[in-house]
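Worksheet for the structure shown next.
Here, each number is a calculation from the coordinates, and none is a lab measurement. Predicted model only: the values in this text are computed from it and were never measured. Here the Cβ positions follow ideal geometry from the backbone for every residue, glycine too, while neighbour counts run over all protein chains shown.
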Amino acid sequence: MVTEKSLLSSDDNDEKTVLMDQHEELYSSDYSTDSIDLTSKIDEIVDAFDIRLFHYVITIVCGLGYGGYSLLFQSLGFIVVAACDLDINRNNKGWVGLTFMIGITVGFGIFGKLADTYGRRKILVLCLLINWISILGCVFAYNYVMFVIMTGAFSLGCAGVSTTVYPYVTEFFPRRHRGRAGAVLSTFITLGTTVGSIIALVVLPRSFYIPMGAIYFTSWRLYLLIGTIPTLLSLCILLCMPNSLRFVLANNDRKGIRNVLNKINQINSCFNSASDSYYQEIHFQLNHLDVRLNNIYDNVRNDSYKDFMDNIRKLMKQPWRKRLLILIIMWFGYCFTEQGFILWVPTVTAYYVSGKTCWHHHASKDNHLSWNATHFMNSTNFDCQSGESLKSVVLNVLIGNLLSIPTAILCFLLINRVGRKALYIVLVSISGLSIIMMLIFDNTQSVMILACIFTSITVNGWTPCKIWTTELFRTEFRSTAAGIVGFIGYFGGILGMIIFSSLFYSNCIATFTIFSSFCLLSAFVALFLPDTTNADIG
C-alpha cells in the first residue's frame with residue numbers, strides 16, 4: 001500500500017516503501033511483462049489525481065512558452081518586409097525561412113533524446129532560454145547576416161519546445177483529461193499568432209529611429225522585444241516547477257517523486273486554509289492503489305532510460321516499430337504541406353489577384369522573374385514596406401489568425417469525444433481538399449476563401465497530431481520517438497518549401513496537385529494507427 005508518509009520519509013525508510021505489487025498476467029508480446037506492469041501502474045497512479053490548481057498553472061505556463069514561440073516565429077515574416085535598415089533584398093529574403101526550417105529539423109533530432117535522458121523540464125527550460133537569447137540577438141542585429149544566424153539559433157530552441165512541451169504537460173494529467181489539456185496547449189499557438197498580429201498592427205507601422213551604437217532602434221526591434229515577454233515569463237516560472245511526474249515514476253527516482261508531490265502540494269495549497277489538505281487527498285487516493293513498484297523496478301533497468309541506442313532498439317520492436325514508421329510518413333506528408341505551403345499562401349492569393357490563373361495562364365513578363373524576386377507574402381515591387389502598405393499586410397494576416405480561433409475551440413470540444421484519430425483525419429483531409437479545390441475553381445474569389453479555410457484548419461491540425469504522437473509511445477522513449485518523427489517531418493517541410501519555390505511559377509497545376517496529394521497521404525496512413533483516446537500511455 002502507498003502512504004503519503006512513505007513518499008516523504010527519509011532515505012533510511014525508503015527500503016520499506018511499498019508502492020506496487022506484481023499481480024499481472026503474462027503477455028505474449030515483444031516487450032517484458034514487467035514493462036507492461038510498470039506502464040499500467042504508472043497510469044493508475046496518475047489517474048488517481050484530481051485536476052487542481054497545479055494542473056491549470058502548468059498548462060498556462062507551458063502555453064506561454066509555446067505561444068511565445070509561435071508569436072516569434074510569425075514575427076520573422078513581418079520583419080522581412082518591415083526591417084528596412086537590414087538591407088534585405090529580393091535575393092536574400094528566403095534565407096530566414098530556409099535557415100529556420102533547417103534549424104528546427106536538426107533540433108528535433110537532438111532534443112527528443114535529451115528530454116528522455118535528462119527530463120522534460122530541464123530541456124524545456126534550456127530551449128526557452130535559447131529562444132529568448134537568440135531573439136534578443138535578433139533585436140540588436142546590426143546586419144541581415146547576424147539576423148539570419150540568430151534565427152537559426154532560435155529555430156533550434158523552437159524544436160526543443162515543440163518536442164518537449166506536449167509530453168511534459170500531458171504526463172501530469174490523468175487519461176480522462178489528457179486530450180483537453182493538449183488541446184488547450186495547442187490553442188496557445190493560435191492565441192500567440194493572434195496577439196502577435198495585434199501587436200504588429202499597433203507597433204510596426206509607427207516610424208521612429210533611435211540611434212544605439214551601430215544600429216537604429218526602430219519599430220520592428222521594439223516589436224520583437226515585446227514578443228519575448230511570454231517566453232521570458234514562461235522561462236522564469238518553469239524554474240520553480242517540478243519535473244514530469246511520469247518521468248520520475250518511470251525512473252524510480254524516489255527523491256524526485258517526493259519533490260514532485262511536495263511541489264504539487266505547495267501550489268495547490270496556495271489558496272487553501274489547510275496547507276496539507278491536498279496532501280491528505282493524495283494519501284487517501286494512493287493508499288487505495290493495490291500496487292508495489294519496488295519489485296518491478298528490480299527487473300527494469302533504470303540506466304536503459306538514459307541509453308539512446310537502447311531506446312532505439314525498443315522502438316524497433318512491435319508495436320512501436322509499426323507506429324513509428326506510420327508516424328514518419330504521416331508527419332512527412334503533413335509537414336510537407338503545412339510548412340511548405342502555408343508560408344506561401346499570400347503568394348498564391350497575390351498571384352490570382354494580379355489576374356493570373358492556373359488553367360488559363362496568360363504569359364507576362366512576371367513569368368520570367370526568378371522566384372527570389374516574387375516569393376514573399378504579398379510581394380510588390382518594393383523590398384521594404386512601411387506605413388499603410390505594411391498595415392494592410394499585417395491586417396490580412398490578423399484576419400486569417402482570427403479565423404483559426406473558432407476551429408481551435410471546436411478541436412478542444414471534440415478532442416475527447418471523436419478521438420485524436422478521427423479529428424486528425426478530418427482536419428488534414430479538409431486541408432488537402434481545399435488545396436485541390438483552389439485548382440478546380442481557379443478564380444480569385446474562390447482561392448481567397450479556400451486559402452482562409454486552409455490556414456485556419458491546417459494550423460489546428462497540429463492539436464490532435466501532437467497529442468496523438470505523444471500518447472502512442474511509453475514514457476521512457478516518448479520524446480525520442482517524437483524527435484525522430486519531427487526530424488523527418490520537418491525535413492519534408494524543407495523539401496516542400498524548395499519544391500514550391502522552384503515549381504509554382506512554371507507549373508502551378510503540378511504544385512497544387514503535389515501538395516494536396518501529400519496532405520491526403522498523411523490522412524490516409526493515419527487510418528492504420530490506433531486511437532489513444534483514454535488509453536493507457538505509460
Given 179-191, 75-87, the highest-first ranking by average Cβ count within 10 Å works out to 179-191, 75-87
Based on the mean of other beta carbon atoms within 10 Å per residue, what is the order of 489-498, 60-69, most packed first? 60-69, 489-498
Once Rh is set to the Kirkwood radius over Cα pairs, what Stokes-Einstein translational diffusion coefficient, in µm²/s, holds for segment 459-530 at a temperature of 25 °C and a viscosity of 0.890 mPa s? 175
Placing each pseudo-label 7 Å from Cα in the direction of the beta carbon, Asn443 and Arg52 end up separated by a distance in nanometres of 6.1
Can you tell which of Thr455, Ala481, Asn416 lies farthest toward the positive end of the dipole of segment 407-538, using +1 and -1 charges on the Cβ of basic and acidic side chains (Lys, Arg; Asp, Glu)? Asn416
Distance between Cα centroids, segment 509-530 to segment 61-88: provide it in whole Å. 29
Once you have the Cα-Cα distance between Ser506 and Trp359, take 0.36 nm times their residue separation minus that, and quote the gain in nm to one decimal. 51.7 nm
